[in-house]
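Participant: Quick one: the structure is below, questions incoming.
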Amino acid sequence: MSIVTVQLGQCGNQIGHEVFNALCSDIHGTHGLCSKKENESYHDSCKERFFCEEESGVPVARAVLVDMEPKVISQTLSMAARSGHWKYNHQSHFCQKQGSGNNWASGYSVHGPRHKETIMNLVQKEAEKCDRLGGFFTIMSMAGGTGSGLGAFVTQCLRDAFPASFILNHVIWPYGTGEVIVQNYNSVLTLSHLYQSSDALLVHENDVIHKICAQLMNIKQISFRDVNQVIAHQLGSVFQPTHTAGGGSGYSRNPLGDLMETLVPHPEFKMLGLRNIPQMPENSLAYSTFSWPGLIKHLRQMLIANAKMEEGIDWQVRPPHPGSSIPSKPLHFNTSIANLVILRGKDVHGVDLGSFRDPSLYTSWLNPQDAFSAWRTPRAFNKYEKSAALVSNSQFLLKPLDSIVGKAWNMFASKAYIHQYTKFGIQEEDFLDSFTTLEQVISSYTIL
Amino acid sequence: AVSLPFAVGQCGNQVGCRFWDLALREHAAVNKKGIYDEALSSFFRNIDTRSGGNGPDIYEGKICSLKARALLIDMEEGVVNEILQGPLRDVFDSKQLITDVSGSGNNWAVGHKLYGCQYRENIVEKLRKTAEHCDCLQCFFIIHSMGGGTGSGLGTFVLNLLEEEFPEVYRFVTSVYPSGEDDVITSPYNSVLAMKELNEHADCVLPIENESLFDIVNKIHQMINSGKLGSAVKQNSLVTSSSGSAKTLQEKPFDAMNNIVANLLLNLTSSARFEGSLNMDLNEISMNLVPFPRLHYLVSSLTPLYTLADVNVPSRRLDQMFSDAFSRDHQLIQADPKHSLYLACALLVRGNVQVSDLRRNIERLKPSLPFVSWNQEGWKTGLCSVPPVGHSHSLLALANNTCVKPTFIELKDRFMKLYKKKAHLHHYLQVDGMEQSCFSEAVCSLSDLIEEYNELDATKDGPRIDPSRLKIAV
């Protein structure tokens, strides 16, 4: 099954480009550590999922690029073409000249309706090129105007036009200390709207990735490119072909469906966080060895203690005693609804993941067997001899979400900037509806 | 997306002239292949001159003949004629000019009411024609001074017109405010009458004070003449310099100061023209920096003022550039933001600067900058890859800060001094359409604005009480 990617706004397009780069470079890599046959199968599966064949032989990404200003798309298209390994379909993009001015209302209420038909036509064309459509993957930031506002609108349109398809929104959360002053408003509006139409939101926070770049990747002068490459690596570790639990010999044909089935048992809980281990600069890889028990131990503690990376983990945090009543859950303990661990590389089949099945990690209303899944693939990913990814539906994002809603509410109480939104048709009531939706989500995750 | 500058009056046109010159210089430095690209098209049309001066626009391919997208308006001919005889003569054509001979006599009413009425159709027609050539018009810039008659009166008339004809296009105004010792006696009248128009019809105003420009020019002179760094400075990097541009050696007295303003406008529009990892368009500036419609007066600072030419001298640390942006020496108006209240702040960085440099400096500077309680993290940032000519990096800071209040209070005081005595009032009232109520409404508008700033200032040292959140029934 194939996935159609929709890249929205500057962030969405910049990241999308790095993702396809990472996928391509991984399948051409010689560090698969597996048989030629396995490698070819992996290669084919990835190609089917994300690329389509062209006469020239250069794989064409199954993607639609959308932005309200031309510079980023123009750059993205040419950079991809220059790589020689893959490219975008140069017809598959839509841009305007004006931009959305960081105004969610402009993206959602003005650009959305105005350009709906053109954009959806492009999506339809990409969908038709797929033998079997596995769903949509949208990439956007929630801080600006296009990715956030137009992104929310397009997601709604996707839901209306493809009611049976899976939609996964990859949402970038901005740095806490401002990239955009109205980022908290834009975030609240985006998240509340996406919650209605999307199947799940997979979140990356700029602050977290920045720390990974600084502390794990040892990058001195961190650029957005660096940040985007780490994000692309993490996404690749989830979306490259895997064998699912049900197994069989082939790679999973329905990645988005499998993801939703394992991680989103209830529509009230759609926020997914992502952790990846190990992460290090490429030139250190040759000198490092890891053991699976070590990696799994760290990953589990990262889950429990809500650590953002493998350094600085708080080892004091422990799950609550089995049999204890709910109110006595220890502080800082991250309760999960469902978790998915994806293992890639050497000796994956022997790895013991029992520690992730511990019922005390999970909320009580799901069977622990149903709450945890593991996908294992012997083919190594992106030169890492062993790597593990954790996709988690848990309280990972509770604090950041609460912080964003709190700041937005504080600003809303003073009515600052509201006139910029009402100008384009988003009223105070719309804000209140969004706040209510998100307070509900916060409340639901809090009482897990 | 196109930004369309309107230079109105003597000051406006002198600044405008510097702006076009430096814009050409900037694009020449970046555009090596001579191809007419998206960046150039935001300020210039590309005309096919083979069929004479009225050739069609060429949208792609080689640069043929560049024509500035602009309107030059003056009620005297001196300045505009000089531009048309100077090295920029091929950049403009007669269809972009609106001139008269007698000037406005430093009288806002003459500029606004008399000439406004007289030239309305002419202006609208030329405006529409100019706009037709733009495939996407994002923003108008008005460049003028507040203290005279044409720039102030006719300039604000044009502002009104722009709102009527193109209500969706943003209106940025760069206004040179008169100092206390301004030699035009009626400058307070002109300024306050113009302020009302700016309050009501501008999206963003960048007030500039000659004193600040003068101080910057002096600072640079001292630095060069002190002998310490003199020969080591890259001439074309000076924020005051015309070096490398089309202009000939004859530098006029205000050129250095006007170059500073021209550089402000170039930096402001850089992220809209050139690529970068975090673009900042003009509509984003308005969106992020204007929390309430009338509070749209922004304090601007430019840094660096120069770059050292000697590569063996270590370039000023990047962090120093950020610190300088918050130093009063680099501001274009006399104000004290650190002791007032920041409502919002934007940092537009150009050149080899990455997001980690931005973050590090914001973290470092934040504690010393008082922000309003509902916008504690109120930073808007942009990263443009292309630095200005002569520099490896630069920073433009725009702050919405209550420190503009004293400037407005002083203006009001100077106005009231004249108005109480009814000095020179008859010169205004004898103009058709001008009544005493124009004056009282104008000063009222200014008072209301000052009051809005007062209310915000009052929150400054008060206790911080966050409003309680919505409660959800479980």
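Participant: Could you please let me know if A:ARG253 is surrounded by fewer than 22 Cβ atoms within 10 Å (Cβ to Cβ) and within 11 Å of chain B (Cβ to nearest Cβ)?
Facilitator: Details: surrounded by fewer than 22 Cβ atoms within 10 Å (Cβ to Cβ): yes; within 11 Å of chain B (Cβ to nearest Cβ): no.
In short, no.
Participant: Which residue pairs have Cβ atoms closer than 6 Å, lie 6 or more positions apart in sequence or on different chains, and pair a first residue in the range A:332-358 that is over 22 Å from A:PHE239 (Cα atoms) with a second residue that is basic (Lys, Arg)?
Facilitator: Between residues of the range A:332-358 that are over 22 Å from A:PHE239 (Cα atoms) and residues that are basic (Lys, Arg), the close pairs are A:SER355/A:ARG300.
Participant: Kindly provide the set of residues from the range A:283-298 that are out of contact with any Asp or Glu (no Cβ under 8 Å at 6 or more places or on another chain), under 29 Å from A:PRO400 (Cβ atoms) and of a type outside the set (Gly, Ala, Ser), ordered by number.
Facilitator: A:LEU295, A:LYS297 - these are the residues of the range A:283-298 that are out of contact with any Asp or Glu (no Cβ under 8 Å at 6 or more places or on another chain), under 29 Å from A:PRO400 (Cβ atoms) and of a type outside the set (Gly, Ala, Ser).
Participant: Could you list all residues from the range A:33-55 that are closer than 24 Å to A:ALA286 by Cα and crowded, with 21+ Cβ neighbours inside 10 Å?
Facilitator: Within the range A:33-55, the first condition is being closer than 24 Å to A:ALA286 by Cα, and the residues that meet it are A:33-36, A:38-39, A:42-43.
Residue satisfying the conditions is A:TYR42 alone.
Okay, residues lined up against (1) within 14 Å of chain B (Cβ to nearest Cβ); (2) hydroxyl-bearing (Ser, Thr, Tyr); (3) under 14 Å from the mean Cα position of the chain (by Cα):
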residue	(1), (2), (3)
A:PHE153	no, no, no
A:PRO163	no, no, no
A:VAL171	no, no, yes
A:GLN183	yes, no, no
A:ASP199	no, no, yes
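Table: residues versus (1) within 14 Å of chain B (Cβ to nearest Cβ); (2) under 22 Å from the mean Cα position of the chain (by Cα); (3) surrounded by 20 or more Cβ atoms within 10 Å (Cβ to Cβ); (4) modelled with pLDDT of 95 or more.
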residue	(1), (2), (3), (4)
A:SER25	no, yes, no, no
A:VAL58	no, no, no, no
A:ARG62	no, yes, yes, yes
A:MET79	yes, no, no, yes
A:ASN102	yes, yes, yes, yes
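Participant: Identify the residue in the range B:168-202 that is of a type in the set (A, V, I, L, M, F, W, C) and under 30 Å from A:VAL110 (Cα atoms) and, among all such residues, is modelled with the lowest pLDDT. Working first, answer last.
Facilitator: Going residue by residue through the range B:168-202, those that are of a type in the set (A, V, I, L, M, F, W, C) are B:169, B:172-173, B:176, B:184-185, B:192-195, B:198, B:202.
With the extra rule that they be under 30 Å from A:VAL110 (Cα atoms), the set shrinks to B:169, B:172-173, B:198, B:202.
Working: B:VAL169: 94, B:PHE172: 97, B:VAL173: 97, B:LEU198: 98, B:ALA202: 97.
Restricting to residues being of a type in the set (A, V, I, L, M, F, W, C) and under 30 Å from A:VAL110 (Cα atoms), the top hit is B:VAL169.
Participant: Based on what the data block shows, is B:ASN361 without any contact (Cβ under 8 Å) to a residue 60 or more places away in the chain, within 12 Å of chain A (Cβ to nearest Cβ), in contact with a His (Cβ under 6 Å, 6 or more places away or on another chain) and of a type outside the set (Gly, Ala, Ser)?
Facilitator: So B:ASN361 fails the test.
Participant: Show me the helices (runs of 4 or more DSSP H) found entirely inside the range A:1-99 where at least 1 residues are β-branched (Val, Ile, Thr). Talk me through it step by step, then tell me what you get.
Facilitator: Numbers: elements: A:9-28, A:36-50, A:70-83.
Of the helices (runs of 4 or more DSSP H) lying wholly inside the range A:1-99, those with at least 1 residues that are β-branched (Val, Ile, Thr) span A:9-28, A:70-83.
Participant: Can you pull out the residues in the range B:334-357 that are at pLDDT below 95 and at the interface with another protein chain (Cβ under 8 Å from one of its Cβ atoms)?
Facilitator: B:GLN354, B:VAL355, B:SER356, B:ASP357
Participant: Let me confirm something: among B:PHE408, B:PHE415, which residue is in contact (Cβ under 8 Å) with a residue 12 or more places away in the chain, more than 14 Å from chain A (Cβ to nearest Cβ), closer than 30 Å to B:LEU348 by Cβ and of a type in the set (Phe, Trp, Tyr)? Outline the logic, then answer.
Facilitator: Working: B:PHE415 fails: closer than 30 Å to B:LEU348 by Cβ.
Every option except B:PHE408 fails the conditions.
Participant: Answer with yes or no whether B:ALA423 is buried (at least 16 other Cβ atoms within 10 Å of the Cβ), more than 14 Å from every other protein chain (Cβ to nearest Cβ) and in a loop (DSSP other than H, G, I, E, B). Show your work before the answer.
Facilitator: Details: buried (at least 16 other Cβ atoms within 10 Å of the Cβ): no; more than 14 Å from every other protein chain (Cβ to nearest Cβ): yes; in a loop (DSSP other than H, G, I, E, B): yes.
No, not satisfied.
Participant: A further question on this structure: For the range A:120-152, what are the residues that are under 23 Å from A:LEU202 (Cα atoms) and of a type in the set (A, V, I, L, M)?
Facilitator: Correct list: A:MET120, A:VAL123, A:ALA127, A:LEU133, A:ILE139, A:MET140, A:MET142, A:ALA143, A:LEU150, A:ALA152.
Participant: Any chance you could count how many residues in the range B:224-252 are in a loop (DSSP other than H, G, I, E, B), modelled with pLDDT of 75 or more and either in contact with a helix residue (DSSP H, G or I) (Cβ under 8 Å, 6 or more places away or on another chain) or within 24 Å of B:ARG89 (Cβ to Cβ) (or both)? Explain how you work it out, then say what you get.
Facilitator: Here is the first cut: in the range B:224-252, the residues in a loop (DSSP other than H, G, I, E, B) are B:226-229, B:234, B:238-252.
Next cut, modelled with pLDDT of 75 or more only: B:226, B:234, B:238-242.
Imposing the further condition that a residue be either in contact with a helix residue (DSSP H, G or I) (Cβ under 8 Å, 6 or more places away or on another chain) or within 24 Å of B:ARG89 (Cβ to Cβ) (or both) reduces the set to B:238-242.
Within the range B:224-252, residues that are in a loop (DSSP other than H, G, I, E, B), modelled with pLDDT of 75 or more and either in contact with a helix residue (DSSP H, G or I) (Cβ under 8 Å, 6 or more places away or on another chain) or within 24 Å of B:ARG89 (Cβ to Cβ) (or both) number 5.
Participant: Can I ask one more? Taking into account only those residues within the range A:86-97 that are surrounded by 14 or more Cβ atoms within 10 Å (Cβ to Cβ) and over 14 Å from A:GLY147 (Cα atoms), which is farthest from the chain's Cα centre (by Cα)?
Facilitator: From the range A:86-97, those surrounded by 14 or more Cβ atoms within 10 Å (Cβ to Cβ) are A:86-89, A:92-97; that's our starting set.
This time we only want the ones that are over 14 Å from A:GLY147 (Cα atoms), so: A:86-89, A:92-93, A:97.
Values: A:TRP86: 22, A:LYS87: 22, A:TYR88: 21, A:ASN89: 23, A:SER92: 22, A:HIS93: 22, A:LYS97: 28 Å.
Selected residue: A:LYS97.
Participant: Quick check on A:ASN121: is it in a helix (DSSP H, G or I), within 14 Å of another protein chain (Cβ to nearest Cβ) and not aromatic (Phe, Trp, Tyr)? Even if it seems obvious, please write down each step before you answer.
Facilitator: Details: in a helix (DSSP H, G or I): yes; within 14 Å of another protein chain (Cβ to nearest Cβ): no; not aromatic (Phe, Trp, Tyr): yes.
Against the criterion (in a helix (DSSP H, G or I), within 14 Å of another protein chain (Cβ to nearest Cβ) and not aromatic (Phe, Trp, Tyr)), A:ASN121 does not qualify.
Participant: Scan the range B:449-468 residue by residue and report those that are in contact (Cβ under 8 Å) with a residue 40 or more places away in the chain and in a helix (DSSP H, G or I).
Facilitator: B:LEU449, B:ILE450, B:GLU452, B:TYR453, B:ASN454, B:LEU456, B:ASP457
The values are calculated or read from the model by the stated rules, or taken from the named source; none is laboratory data. Just so it is clear, the model here is predicted, and its values are computed rather than measured. Positions of Cβ are backbone-derived with ideal geometry, glycine not excepted, and every protein chain shown enters the neighbour counts.
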